Amino acid sequence: MEDKNKTQLLKESILSQYKSVRQFAAEMGIPYSTLVTALDRGIDGMAYSTVISICERLAINPVNFAPMSDGDRLSEQITTRQVMGLYHKLNQEGRRKALDYMDDLSMADKYTA
């Protein structure tokens with residue numbers, strides 16, 4: 001996908017969810033001039049973490065800028081992959097202990113979502 005297309009999709013997504021680019025920038029804590037420059041010149045010059053934060057806020061996929069479903073949040077996907085990656089490194093006993101520990105944590109109000 002061309003940068004211009006990504007930039008246009010990003011701008012359209014912002015304007016479909018917010019009254020203006022200025023309002024979105026303020027709510028994101030991004031300087032308005034920085035966001036406007038990125039939207040004018042292309043987002044490839046933006047910091048990766050900023051693009052990810054913007055996509056997360058807009059609930060769009062940072063790869064193709066398509067809308068993401070509510071249960072498909074990027075941070076949740078990343079966390080799930082990290083947990084599963086570590087889980088798969090464990091042997092059978094380690095996996096059992098990890099599941100037991102998560103089960104214990106899920107029963108404590110302090111740790112439940």
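Points to keep in mind about this one:
- Condition check for Ile30: part of a loop (DSSP other than H, G, I, E, B) and among the β-branched types (Val, Ile, Thr): yes
- Any hit, segment 97-107, residues being over 29 Å from Leu15 (Cα atoms), of a type in the set (Phe, Trp, Tyr) and at pLDDT 85 or above: yes
- Residue within segment 53-67 that is in a helix (DSSP H, G or I) and without any contact (Cβ under 8 Å) to a residue 12 or more places away in the chain present: no
- Residues (free of Cβ contacts under 8 Å to residues at least 12 places away in the same chain and either on the phi > 0 side of the Ramachandran plot or exposed (fewer than 12 other Cβ atoms within 10 Å of the Cβ) (or both)) located in segment 28-46: Gly29, Pro31, Ser33, Asp40, Gly45
The values are calculated or read from the model by the stated rules, or taken from the named source; none is laboratory data. Predicted model only: the values in this text are computed from it and were never measured. Neighbour counts run over all protein chains shown; Cβ positions are idealised from the backbone, glycine included.
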